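Accompanying notes for the structure given below.
Readers should treat all values here as calculations from the given coordinates under stated rules, not as data from a laboratory. For clarity, every value in this text was computed on a predicted model and none was experimentally measured. Positions of Cβ are generated from backbone atoms using ideal geometry, with glycine treated the same way; all protein chains shown enter the neighbour counts.
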Amino acid sequence: MSESAALDAFQSSCHELYTCFVFASDGMEKLSQTLPVDESKYPNQKLYIGNMDRGQGPAQSVMSAKKAIESARRDGEFQDMLAKSLLVRLYAEWEEFHRSQIAHEYGVPNDHVLCGLMGELRRVRNWIVHNRSIVKRDVSRISVLPWVLKEGVEMKVSSQMMREFMTCANNMKVDLKPTNISLQRP
């Protein structure tokens, strides 16, 4: 087992983005509970978000207050959007920066840095970005992430799935081919 400053840096980035996810998820849920929405009196009530002073211009966002509150609930649509965005970003950080830093540390080409978790995150990212989150047939190749996913069904990323991803990220193993070196935090 070897040490890697680049792997530590990637895991630190995972921690920051997960903290962002938790704060944002908890915050949006709590905020939605404080909104003065009365569907019984105002069934089509709108939520306007934008300039605090109406004289400064129009709202930047207008949507159904009911949909906003439902979307902000735990494991709702907003949390799913945020989770998917952060997973896509994490994969980009891995692929564009941290993987090459690990390769540089050990004097190997980038494609010699292998990680089962990140290979699976690449598939998840591709479903999100290229397939509107619909799980593809290659779901059978997901074995590190303990997620229950079904081919042909839209993937919704729950808070539980994000916790499971972080457990995997905290224990991730990186192999270097053709060497026999493995990197993993103790």
Review point. Once the Cα atoms of helix 116-130 and of the chain are each reduced to a long axis, what angle between those two axes, in degrees from 0 to 90 to the nearest 10, is obtained?
Key: 40
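Translational diffusion coefficient, Stokes-Einstein: compute it for region 5-184 using the Kirkwood radius over C-alpha pairs as Rh, at 4 °C and 1.567 mPa s, and state it as an integer in µm² s⁻¹. Before the final figure, lay out each step's value.
Numbers: Rh = 18.6 Å.
In µm²/s, the coefficient rounds to 70.
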Check your understanding: Quick one: helix 77-93 against the long Cα principal axis of the chain, what's the angle to the nearest 10°, folded into 0 to 90?
Key -> 30
Practice item. Can you find, among 36, 82, 126, the residue farthest towards the positive end of the dipole of the chain? Put +1 on the C-beta of Lys and Arg, -1 on that of Asp and Glu. Key: 36
Check your understanding: Compactness ratio of region 7-75: Cα Rg over 2.2 N^0.38 Å, N = residue count?
Key -> 1.50
Review point. What number, in nm² with one decimal, is the all-direction average of the projected area of the convex hull of the alpha-carbon atoms of region 57-136?
Key: 8.3
Check your understanding: Longest span of the chain, sites excluded, free of GluC sites (Glu not before Pro) in DSSP loop with at most 14 other C-beta atoms within 10 Å?
Key -> 40-150
Point to revise | Test item: Cα-centred dipole of the chain, Lys/Arg +1 and Asp/Glu -1 on Cβ, debye | key: 580
Revision key, fill the gap. Counting only DSSP loop positions in region 39-78, the trypsin sites (Lys or Arg not before Pro) whose Cβ has at most 10 other Cβ atoms within 10 Å are 41
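Compactness ratio of region 113-184: Cα Rg over 2.2 N^0.38 Å, N = residue count? Please report the intermediate quantities before stating the final value.
Working: Rg = 13.2 Å, N = 72, 2.2 N^0.38 = 11.2 Å.
Normalised Cα radius of gyration, region 113-184: 1.18.
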Exercise for review: Please report the relative contact order for region 35-186, taking Cα pairs under 8 Å with a sequence separation of at least 6, and give it as a percent rounded to a whole number.
Suggested key: 18
Revision key, fill the gap. Over the chain, the sum of -39500 (n - 2.57) across DSSP H runs of at least four, divided by residue number and rounded to 500 deg cm²/dmol, gives at 222 nm -15500 deg cm²/dmol
Study note, to complete from the structure: Non-local residues with an amide H under 5 Å from the amide H of residue 59, with H modelled 1.01 Å from N and Pro and chain starts lacking one, are none
Exercise for review: Mind sorting 148, 113, 157, 88 by how few other Cβ atoms lie within 10 Å of their own Cβ, fewest first?
Suggested key: 148, 88, 157, 113
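For residue 45, what is the net charge nearby, where nearby means another residue's Cβ is under 15 Å from its Cβ and Lys, Arg count +1, Asp, Glu -1?
That works out to +1.
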Revision key, fill the gap. The ³J(HN,Hα) series, computed from each phi in region 160-169 with the Karplus coefficients 6.51, -1.76 and 1.60 at θ = phi - 60°, rounded to the nearest Hz and given as x for glycine or proline, is 4, 5, 5, 4, 5, 4, 5, 4, 5, 5
Exercise for review: With everything on Cα atoms, drop me the angle between helix 5-34 and the longest principal axis of the chain, reported from 0 to 90° to the nearest 10.
Suggested key: 10
Study note, to complete from the structure: Number of Lys pairs in the chain closer than 27 Å at Cα, excluding neighbours under 8 places apart unless interchain, is 26
